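Enquirer: Have a look at this one before I ask anything.
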RNA sequence: GGCCGAGUGGCGGAAUUGGUAUACGCGUUCGACUUAAAAUCGAAUGACGAAAGUCAUACGGGUUCAAGUCCCGUCUCGGCUACCA
C-alpha cells in the first residue's frame, strides 16, 4: 500500500521540469511557423521586489492565479508565455547597504537566488530562460534608452519646482508616493522643497489615457481610480481686469454660467501676481499669510478646514456686471491646479460660501432653483434658471455654460478650457540604488544626453551609500565616475567640441524601470534593441496581467509609455494590458493584516515543509474564496484541501477500477464546469467542482477515463500530483472536452411550485418537457399541490429552461 | 463630505441570464475500523417543530406568477478620495 507523499513526488517533477525546460515559450523566427498563426497567451504577474524575507502567502496567491491560467491554456495546446522577473531597485536594498555595508548588488543577488529557489518549490510553469532583473546593466541600459527616446521628443525635461521631499529618506517623491502627507516608504511627514528635477510629460497623454479606459477589460475599481487621478474637468478660462492696474488675472471655472454671481476673486498664496496687487496698507499682512502657508505642512493645510485668507487691497472688474469685486488670497485655492485663481460665487459654491460667510463678503444669487428641489438653506450648486444675469436671465444653467463662454470669447476675455488634476511625472530620485539618468552637464549647466551607443551608464561602486544633505545621491561620491569628457555640440556655436562634463547624480524612479518590462520579456537577451519587433508583435499586448497593488501609478505609467512608443512606431498597439486581474490580499486567521511586528505571518514554505506540499498550498489558495476578494488564512481548511488531494491519490493508486461506467455523465458535467469556471476566473468553484467529482467517484466507482479526466482538470492547481497520476495512467495532459449529449438524461426533474413555493418534484421523460399540458396535469395531480390549490387555479406558468412549473392558486 | 464595493448557517463561501437558497470546504454530532487514539471510511447538520409545515439571504417598503438577484429608502462594514474651482 502506497501513500500520498507530496515531498517525494514534488521533488521528482520539479527536477524533470527543470531538466526539460518544460515551460519555455516557442519563439517567433525560431520555433514557430512563419505565419505565426499558433494561438498565443501572454500571462504575467506584476513582478515582485525580491525582499530578504522571501515569498509570502500573498505572492503565492498572485503567482498561482497566473500559473493556473498559464497551465490551463498550455494544456489547450496554446503557445503560452509565462515569464518572471524582479523589480530590484529601491530603498530597502539601499537602506540595508547603509546599515550593513553590504552592497545592494550583492544583497539583491542573494535575495533573487532565495526567491528563485522558493518559486521552484511551488512548481510554477515559468519560462526560466526569460528571467529579468531591473538592476542588471543589460536591462537598465534599455531603461536609459527609453529615457532618451522620451528626451528626444521633449517628453523628459527638467524644471525647478516645489517638490515633495522626504527628510528621512532624503529624496524627492512623486505625487503618487505621498500618502496623506507621509512618505509611502518610511511614513515620515514630507516637506516641500524647491529643486531642479526631471519630469516625464505624461500630461501630453492625459486625454488619450482617459478616453481609452472605458474599453479596457479591467476592474471598474481601477478604472475609476485612474479616471479620478487624471481628473479631467471642462470649463472656461476667464480673464479679469484689475482696477487701476495693467495686470490681468486668469481664473479657471467649471461654472461660467454663474459669472454674474462672482462677488470676489481668490488667489493661491503662491500666485506670482500677488506682489503687484498689494498696497502699503495690506503688504505686511499678505506677506505674513504667504509665509505661514508655505511653512505649513500639507497635513496642517488639510486638517484645518476652517477657511483663512487676507484681502490684497486690489479690486477686479466682473466682466458680467461691471462691478468692482475684491481680490483675496487663501490657501483653499491651490497653485498647482487650473490657474491658481478662482472667481468666487458664494451663492452657488459651498467653499466660496464658507469663505464669504467668514469674511463677510457679498453673496449674490444668480440661479433660481427649479420647483420641488429641497430647500438647502446654505447655497445651491445644482442646475436651474439664471436670474440677476443681464441678458442671460431665463436661460437654463446648462445652456448658459455654453452661451456665456461664447459671449466671453467674442470679447476676447475668455475661452473654453479643459483642466486635469494629473501633473507631470516627477522621476528624479536622489538615491544611489536606481537607474542612472543618462545625462551630463557642462560648467554652465547645459544638459547633454549620453549617446545611445555609450549606454549603459553603469552604477559605480562606492563605499558609503548615504546620500548627503545637499540633496545629492551617493553617486556624487564616485569621483572617477562623476566626470567625463565627451564630444558634444556647443549650444552657442553649434560646433562639435570636446567638453568636460559632470554626470547627473539623480537616478530614475523605480516605476520607470517597470514601465516597459512587459515588452522586455519577449526578447530578454536582445543586445540590439529593447524589444524585438517581430517578437513583440506576436506576443504583446499582455493578455492577462495579475496583481494586487499599484492601481494608479504603475498601471498608468505602462499605459503612458505604451502610447508614447506606439507613436514612435515602436509598438504596434496602444494599450499594454488586455485583461487585468486584481487579486485580494490574504490576511491572518483573525482577519488582520499579516505583519512581522504582529508575528502573525504565515510562511508558505513552512506549509509545504509541514508535509502538505506545494500542490495543497496552491490548491488551497485558489479555493480560499473569489480571487478578487480579501480572504483570511484558515489552517483547518488547508487540511481539508490536503484530504481532497489525498483522495485523488487514493482513487488513482490505491483503489480498484470500476467495471461499469456509471460516471460518464458526471465526468462530462465536471469537465464542462471546470473549463467554464476557469474561463471566468472562478478558481474557487472550479476546485469545489473537482471535490464534488471525487466524492461521486468514491460513491459510484471510478473508471480509467475518470482518473484521466480528473488528473487533467487538476493539473493547473496541483501539477505535481496530476503529473504523477497521468504518468501512471500513461496519458497526456491535453485538456479534456465534454459532449453535451452525455449531460442529458432520459428523465428530468421538474420543480412544481404553488405561488412561487416549492411543493413537489416531478420525474418526467425528457420529451415531455415539450408537452406543457401533460406536465400541468401531472403537477395538478400531486397530492401536495392539491392541498394548496383547494380554491382553484388562477394561472399556470411553465418555464421550460428552468424545468419549473408555477401554479398560481386562487 | 463624495464615489465605489459588500452584508447569505457556528465559520470561509456557492447560487453565471429573476426560476429548487445554503454547492464545496471547515467545524460539530453519530456510526464503522481499532485494545485505544490518530488517520481513513460512512451518515447527519439553517432555525422552530413529533410531523405536516412555518420562518430565514442586514433592516423597511415596492415591482413580479416567482426576488439573495431588479427598484426606492435606512443601517452596518470595507476600499478609494478628499477644499481640484
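Enquirer: To the nearest 500 deg cm²/dmol, what mean residue ellipticity at 222 nm is calculated for chain A from DSSP H runs of n ≥ 4 alone, each contributing -39,500 (n - 2.57), summed and divided by the residues?
Expert: -10500 deg cm²/dmol
Enquirer: Additional query: Roughly how tilted is helix A:613-623, in degrees to the nearest 10 and between 0 and 90, from the longest Cα axis of chain A?
Expert: Helix A:613-623 sits at roughly 70 degrees to that axis.
Enquirer: Using only alpha carbons, build the gyration tensor for segment A:2-51 and give me the equivalent ellipsoid semi-axes, biggest first, whole Å.
Expert: In descending order, the three semi-axes are 31, 19, 11 Å.
Enquirer: Consider a paramagnetic label point 7 Å from the Cα of residue A:600 along Cα→Cβ; state which residues of segment A:543-587 have an amide N under 11 Å from it.
Expert: Zone members listed by number: A:587.
Enquirer: Grab the alpha carbons of segment A:365-511, take their convex hull, and tell me the volume per residue in Å³.
Expert: Per-residue hull volume (Cα only) is 260 Å³.
Enquirer: Evaluate the relative contact order of segment A:121-275 (contact order divided by residue number), counting alpha-carbon pairs under 8 angstrom at least 6 apart; express in whole percent.
Expert: Relative contact order comes out at 14 percent.
Enquirer: Using packing as a proxy for protection, rank A:581-589, A:405-413, A:713-721 so that the peptide with the highest average count of other Cβ atoms within 10 Å comes first.
Expert: A:713-721, A:581-589, A:405-413
Enquirer: Enter the per residue convex hull volume of chain A, computed from alpha-carbon coordinates, in Å³ rounded to the nearest integer.
Expert: For chain A, the hull spanned by Cα atoms encloses 254 Å³ per residue.
Enquirer: Turning to a different aspect of this structure: Among A:367, A:230, rank each residue by its count of other Cβ atoms within 10 Å, from fewest to most, as a rough exposure measure.
Expert: Taking fewest neighbouring Cβ atoms as first place, the list is A:230, A:367.
Enquirer: Convex hull volume of the Cα atoms in segment A:221-297, per residue, in Å³?
Expert: 144
Enquirer: Can you tell me the alpha carbon radius of gyration of segment A:240-360 divided by the globular rule-of-thumb value 2.2 N^0.38 Å?
Expert: Scaled against compact globular proteins, the figure is 0.99.
Enquirer: Taking 0.36 nm per residue of sequence separation and subtracting the Cα-Cα distance, how much length would be gained by fully extending the chain between residue A:664 and residue A:410, in nm to one decimal?
Expert: 83.5 nm
Enquirer: Another question, then. Using mean Cβ contacts within 10 Å as the protection proxy, how do A:131-144, A:780-793 order, highest first?
Expert: A:131-144, A:780-793
Enquirer: Just order A:544-552, A:20-28 by mean Cβ neighbour count inside 10 Å, highest at the front, would you?
Expert: A:544-552, A:20-28
Enquirer: State the antiparallel share, in %, of DSSP beta bridges confined to chain A, rounding to the nearest 5.
Expert: Within chain A, antiparallel bridges account for around 75 percent of the total.
Enquirer: Mean 1/r over all different Cα pairs, inverted: what Kirkwood radius does segment A:565-689 give, in Å?
Expert: 17.8
Enquirer: Taking the convex hull of the Cα atoms, report for segment A:10-155 its projected area averaged over all directions, in nm².
Expert: 11.8
Enquirer: Still on this structure, please answer the following. If the convex hull of the alpha-carbon atoms of segment A:151-257 is projected onto planes in all directions, what is the mean projected area in square nanometres?
Expert: With the hull built on Cα positions only, its mean projection is 11.4 nm².
Enquirer: Hey, another quick one. Pairing the Cα long axis of helix A:397-410 with the longest principal axis of chain A, what angle in degrees results, from 0 to 90 and rounded to the nearest 10?
Expert: Compared with the principal axis, the helix lies near 40 degrees.
Enquirer: How many nm separate the modelled label positions at residue A:106 and residue A:402, each set 7 Å beyond the Cα in the direction of the Cβ?
Expert: The answer from the label model is 7.1 nm.
Enquirer: Still on this structure, I have one more. With label points built 7 Å along Cα→Cβ from the Cα atoms of residue A:730 and residue A:145, find their separation and express it in nm.
Expert: My value for the distance between the label points is 5.1 nm.
Enquirer: So, one more: How far is it, in nm, from the label point at residue A:350 to the one at residue A:772 when both lie 7 Å from their Cα along the line to the Cβ?
Expert: Once both label points are built, they end up 5.4 nm from each other.
Enquirer: May I pose another question? What is the helix-to-structure angle for A:704-714, meaning the angle in degrees between its Cα long axis and the longest Cα principal axis of chain A, kept from 0 to 90 and rounded to the nearest 10?
Expert: 10
Enquirer: Over chain A, what relative contact order in percent results from Cα pairs under 8 Å that are six or more residues apart?
Expert: Relative contact order of chain A: 14 percent.
Read-outs: derived from the displayed coordinates by stated rules, not from any lab. The model shown is predicted, which means the values in this text are computed figures rather than measured ones. Backbone-built Cβ (ideal geometry, glycine too); neighbour counts: all protein chains shown.
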